[in-house]
1. Please report, ordered by residue number, the strands (runs of 3 or more DSSP E) entirely within the stretch 265-317 with at least 1 residues that are over 12 Å from the mean Cα position of the chain (by Cα), over 26 Å from residue 244 (Cα atoms) and among the hydrophobic types (A, V, I, L, M, F, W, C).
2. Given the condition modelled with pLDDT of 95 or more, part of a loop (DSSP other than H, G, I, E, B) and either surrounded by fewer than 15 Cβ atoms within 10 Å (Cβ to Cβ) or in contact with a helix residue (DSSP H, G or I) (Cβ under 9 Å, 6 or more places away or on another chain) (or both), answer yes or no: does some residue in the stretch 202-209 qualify?
3. Does residue 591 satisfy being under 31 Å from the mean Cα position of the chain (by Cα), of a type in the set (S, T, N, Q) and exposed (fewer than 14 other Cβ atoms within 10 Å of the Cβ)?
4. For the stretch 329-347: of the residues being under 24 Å from residue 383 (Cβ atoms) and part of a helix (DSSP H, G or I), which is farthest from the chain's Cα centre (by Cα)?
5. Criterion first (more than 30 Å from residue 370 (Cβ to Cβ) and of a type outside the set (Val, Ile, Thr)) does residue 488 satisfy it?
6. Condition (residue is polar (S, T, N, Q), closer than 19 Å to residue 314 by Cα and at pLDDT 95 or above) applied to the stretch 435-442: is it met by at least one residue?
7. Just to check your reading of the model, which residue among 569, 594 is touching a Lys or Arg at 6+ places or on another chain (Cβ under 6 Å) and β-branched (Val, Ile, Thr)?
8. Regarding the stretch 521-537, can at least one residue be identified that is surrounded by fewer than 19 Cβ atoms within 10 Å (Cβ to Cβ), more than 28 Å from the chain's Cα centre (by Cα), among the aromatic types (Phe, Trp, Tyr) and farther than 16 Å from residue 436 by Cα?
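The values are calculated or read from the model by the stated rules, or taken from the named source; none is laboratory data. These numbers were taken from a predicted model, which means no experiment stands behind them. Counting neighbours? That spans all protein chains shown, and the Cβs are built from the backbone with ideal geometry, glycine included.
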Amino acid sequence: MTSGDNQIHSILATDVGSTTTKAILIEKRGHEYRLITRGEMPTTVETPWENVMIGVRKSIRRVEEILQRRILDESGRIIRPKAGDTGVDYYVSTSSAGGGLQMMVAGLVREISASSANRAALGAGAVVLDVIAVDDGRSTSEQITRITELRPDIILLSGGVDGGSVTYIAAMTETIVQANPQPRFGGTYRLPLVFAGNRDAQDMVLAIVGAELDVHICENLRPRHDVENLGPAREAIHDLFMNHVMAQAPGYGQLMKWVDVDIMPTPGAVGRIISVMAEQYDANIIGVDIGGATTDVFSSFNGIFTRTVSANLGMSYSITNVLEEAGFDNILRWVPFGVDEASISDWIANKMVRPTTIPQTLKQLILEQAMAREALRLSFAHHRSLARKVEKEVITAGWRTQQKMFKSGGVEIIEMLGLDILVGSGGILSHAPRREQAAIMLLDAFLPEGITQLAVDSIFMMPHLGVLSTTHPEIASEVFDKDCLVRLGTSIAPVGKAKDGQPVGAMKVEFPDGQVVSHNIVYGELKRYQLGVGEKAKVTITPKPQFEVGEGKGKPVTAEVQGGLVGLILDARGRPFEMPADAASRIKKLTEWIETLNVYPMEYVNRYQAEHRVQEGDDERGGRQGGLRSRFFKR
């Protein structure tokens, strides 16, 4: 434990979200820290309340009601220090209320300094409103208009290697000055601008923009073309968020006086706990938080952390964007019966205008989870495109090795065969009626390769634990492992292609009770073995020459695997994954997979299939010739 942990017996943590404020209470029970309970109330940052403290107090009062113990005194303040069964020892909070931290970033070259600035802002927990660059294809007047329209909390400006030319930095700084950007909250303070570019341009930037904006200088994001240095800018952004931006939001001044450690942006706190656990487990981790308006993806691969925000992919406010980006065919490939495209369009539109509604029938649940697969898939594709590291490459031509050259786009970080743990969060995953549904959504959307543990966040506790980990990482890690993570199990997915039914290899599973099961893997199958939470099994996979599981094509792998609420899942559907093109064949396969994993009650699936029967060669959209065009999404 860190210094002082033995004196901490109770920890209160809140997350002030855009719609709800969530409070959790952690206490030391015996020799371990555990989650005790949680309370939730609407966030009160907007009219008519315009004071986040109302929602904070109400969420804490909810915890008090559940436990029948006092945490707040008569005046509504936290009782400190803890005395008997009243009060708490420690209080932390995160926030994404009012849209969270919103930033604009600017750089010189879109694929170099602007790209690094974008990753730095995302890693700090920001929603990036726009990325401005000299070569982004917009004229100076268009850039000025766009910057004027935005009302960011902070601007991050980067560009130029140390010791390089300052001409273009001066031009970009002048563009920002002419746009005269205004802060989102309040009008009594100057908008902060973080300059993380060529150190030789620091004085010049101050001279150009210092009178209009609150300029903060930090180390260059790209001191050389082949070096990326994101840490100092992220720290500067976090400090500004706390001491300048949050101080302007209604009620945050009082909240800042309550907490024992600086308030963190909610996404930044989630990223923090992902990074901490990657280090704790010595593992490569991908985490996803799918919400109503956005989907955040986090990864920690070989010590490199990346966060991305798909700002228009969500399950309520942005659900129509999922349909537009994915298209009907990609969504309907996950539905095991024919559907009427027009009625689905209407259902999606209603979900957008009534974002708090939940599925009323199993058919609607299946459709919503099909949408979730595509939102997750698209968000992960976006994440992979940005999860890159800067390095030089050696170009070989014949017997000659030429000099190392900088690769501007960077090198992709994520290698799916190296992924150890995949964690899902957000209502559609954490609150799925069956854990098997969360498991199959993660498998279908992310297509993990080799051997991967699957888990979900039980009650969206990661933000609370992320901010707690900044001062008490051992406590945060303990609660994350014991109470936050719901372990679904482990997936084994051989990489390779074959025809349906062809042999993929052999697998032997040695269970903890001594039972040994051998299985000949066939292409296209999904198979499940019962292996409970806390149980481990020894698995040996011997793939055919065209397949691999992590050690190379045709090479056997032996590993100890973790159980979970779903168990051990053999996914031999192929990587890359391809769904059968014919509607009847696709529905047949989907039905097999659903029955194998017990994803949905089969009596209902069979009923829907009887109501919307699809024959081989028919159009699957309700059996109608050519389907129906959406009435809502006419182009």
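1. Values: elements: 285-290, 295-301, 304-310.
Per the criteria, 295-301, 304-310.
2. no
3. On the way: under 31 Å from the mean Cα position of the chain (by Cα): yes; of a type in the set (S, T, N, Q): yes; exposed (fewer than 14 other Cβ atoms within 10 Å of the Cβ): no.
Judged against the criteria, residue 591 is not a match.
4. Restricting attention to the stretch 329-347, the residues satisfying the condition of being under 24 Å from residue 383 (Cβ atoms) are 329-331, 333-334.
If we keep only those that are part of a helix (DSSP H, G or I) as well, we get 329-331.
Values: 329: 25, 330: 21, 331: 21 Å.
If we take residues in the stretch 329-347 being under 24 Å from residue 383 (Cβ atoms) and part of a helix (DSSP H, G or I), then 329 is farthest from the chain's Cα centre (by Cα).
5. Working: more than 30 Å from residue 370 (Cβ to Cβ): no; of a type outside the set (Val, Ile, Thr): yes.
So residue 488 fails the test.
6. Just the residues of the stretch 435-442 that are polar (S, T, N, Q), to begin with: 437.
Pick out the ones that are also closer than 19 Å to residue 314 by Cα and you get 437.
Still in the running and at pLDDT 95 or above: 437.
Yes, there is a match, as at least one residue in the stretch 435-442 is polar (S, T, N, Q), closer than 19 Å to residue 314 by Cα and at pLDDT 95 or above.
7. Values: 594 fails: touching a Lys or Arg at 6+ places or on another chain (Cβ under 6 Å).
Within the list 569, 594, the selection yields 569.
8. Looking through the stretch 521-537, none of the residues is surrounded by fewer than 19 Cβ atoms within 10 Å (Cβ to Cβ), more than 28 Å from the chain's Cα centre (by Cα), among the aromatic types (Phe, Trp, Tyr) and farther than 16 Å from residue 436 by Cα.
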